[in-house]
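Below is one structure, written out as structure tokens; the observations come after it.
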């Protein structure tokens, strides 16, 4: 394949939307929350068994979550996992910055 044959498309910033998945914004938000959970577990040096006990999950569930298999998790459940890891969760509702619909985002 020659370099000139490669088509490059600019990302929207949401891979789930780029793939045409329904509820792409919610999927991205969940992915960001799972990334935070994974980062906290790694920063603490917790083994999956230890993290599972702390989170109230089984070790295989922690393994799946850390590998990005989070489809079965609701946003509420992921937020609860973060609180079990000692994080406070603040939800702010404000007017959208643009005229279109609002957006979901994670700040840390």
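The values are calculated or read from the model by the stated rules, or taken from the named source; none is laboratory data. It should be emphasised that the depicted structure is a prediction, and the values quoted were computed from it without experimental measurement. Counting neighbours? That spans all protein chains shown, and the Cβs are built from the backbone with ideal geometry, glycine included.
Against the definition (in a loop (DSSP other than H, G, I, E, B) and at positive phi), how does residue 102 come out, yes or no? Talk me through it step by step, then tell me what you get.
Numbers: in a loop (DSSP other than H, G, I, E, B): yes; at positive phi: no.
For residue 102, the condition - in a loop (DSSP other than H, G, I, E, B) and at positive phi - is not met.
Determine, yes or no, whether residue 69 is modelled with pLDDT of 90 or more, farther than 17 Å from residue 26 by Cα, out of contact with any helix residue (DSSP H, G or I) (no Cβ under 8 Å at 6 or more places or on another chain) and part of a loop (DSSP other than H, G, I, E, B). Steps first, please.
Working: modelled with pLDDT of 90 or more: yes; farther than 17 Å from residue 26 by Cα: no; out of contact with any helix residue (DSSP H, G or I) (no Cβ under 8 Å at 6 or more places or on another chain): yes; part of a loop (DSSP other than H, G, I, E, B): yes.
The answer is no for residue 69.
Conditions (1) at pLDDT below 95; (2) farther than 18 Å from residue 106 by Cα; (3) in a helix (DSSP H, G or I), marked per residue:
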site	(1), (2), (3)
8	yes, yes, no
25	yes, no, yes
33	no, no, yes
60	no, yes, yes
64	no, yes, yes
90	yes, no, no
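If residue 22 satisfies all but one of (1) loosely packed, with under 14 Cβ neighbours inside 10 Å; (2) within 14 Å of the chain's Cα centre (by Cα), what's the number of the condition it fails?
(2)
Could you list, in sequence order, the residues of region 39-58 that are in a helix (DSSP H, G or I) and under 27 Å from residue 104 (Cβ atoms)?
Those that are in a helix (DSSP H, G or I) and under 27 Å from residue 104 (Cβ atoms): 39, 40, 41, 42, 43, 51, 54, 55.
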